Amino acid sequence: MTAVLCDELIETPCALCGSEETAPVLTTANGFYLSRCVQCDFQYYNPRPSNEAVEAYYHGEEFYQKVNITAVEIVMDILAHHKMVPGNFLDIGCGIGALVSLAEKKGWNAVGVDPSPMAGKLGKEVLGVDIVQSYVNDLDFPEDQFDAVVMLAVLEHAFDPLEMVRKVWKWIKPGGRLILSTPNLDNLNYHLLPDKTAYSWFIKEHINHFTIKTHRQMLDRAGFENTMFHLSGHFSVGREDEVSRLNHTDSFLRSARKHFSESLNEIAFKRYTKPACDLNDDQFLDIWLRQVECWDLPSGEYSLSDAVYVSAQKPFL
Ligand SMILES: [Zn+2]
């Protein structure tokens, strides 16, 4: 990929609250300026490349979204979690249409949209799915049209994520849901990285870097309610630096065992005279919580996964 985002950088106000006051957070290893809105904590590249430069990138032959089977399954789980029955379904940034194809098989009346001509071509050839080639800005649907709208890995690319979510809100039926995913800066690995500038999601096409707090603010402002975070290993650190809540305990433990077993061995031997991988769930949780206190994380909500899935509902009238 040639560097298409290099020349002009533009100062941009916060897309969530409009404030023009940002504080530098860090300069990424590949030269982007991660900044934080001083009003609402939204983190994004500022100054950042122009719209045109980014759009050129999406029209490049190399860009089309890979089929992410895990993501497709997670969306199906979230639909099931909310007991949603098949109706009208829109997948924005659908890539080659894997989710559109699966949703159709499950009885949804599904439409997929993606700006990449390559995605449309492959979708037709590989999955037999018709994909509307468009950016969200150029799209128009009647109001109250869809029961479910999905935006996986879209908003971190968007120049105006709040505007985009507001537009989508209109297309959703009252009581219908938006399901989205983005990378999540509130993940433990990021907070524990010795050199954050080299974090793997600080890439040129990721302009926005969401946290749980800024997702919640964005969705509230757009008029959604019942916002829910579907995270692997979700926990919060309270004001007294206590772990005050653990959700999704099974997946949390699986993920913690996978990522942190080795680093917990010392404490495991001290307390239980065996390695962390040989501890039962209660023992593992016990030493993990002790370790979290040592990490001295700032108050907030964290996950073990670097992605966050969010669902939010448009209120009934
Ligand atoms: Zn802001």
Any residue at all in segment 47-67 that is modelled with pLDDT of 85 or more and either away from the ligand (no atom under 16 Å from the Cβ) or farther than 23 Å from residue 216 by Cα (or both)? yes
Can you tell me which residues in segment 144-182 are touching a His at 6+ places or on another chain (Cβ under 7 Å) and crowded, with 22+ Cβ neighbours inside 10 Å? 177
Considering only residues that are more than 14 Å from residue 155 (Cα to Cα) and hydroxyl-bearing (Ser, Thr, Tyr), which ones fall in segment 192-224? 197, 199, 200
Specify which of the listed residues (180, 162) is in contact (Cβ under 8 Å) with a residue 24 or more places away in the chain and not in a helix (DSSP H, G or I). 180
Unique residue being modelled with pLDDT under 95, under 21 Å from the mean Cα position of the chain (by Cα) and in a loop (DSSP other than H, G, I, E, B) when the list is 94, 14, 40: 94
All-but-one check, residue 200 against (1) hydroxyl-bearing (Ser, Thr, Tyr); (2) crowded, with 22+ Cβ neighbours inside 10 Å; (3) assigned to a loop (DSSP other than H, G, I, E, B), failing number (2)
Identify the residue in segment 250-268 that is exposed (fewer than 13 other Cβ atoms within 10 Å of the Cβ) and more than 13 Å from residue 290 (Cβ to Cβ) and, among all such residues, is modelled with the highest pLDDT. 262
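The values are calculated or read from the model by the stated rules, or taken from the named source; none is laboratory data. Small disclaimer: the values here were computed from a predicted structure and weren't measured. Glycine gets a Cβ as well: all are built from the backbone with ideal geometry, and neighbour counts include every protein chain shown.
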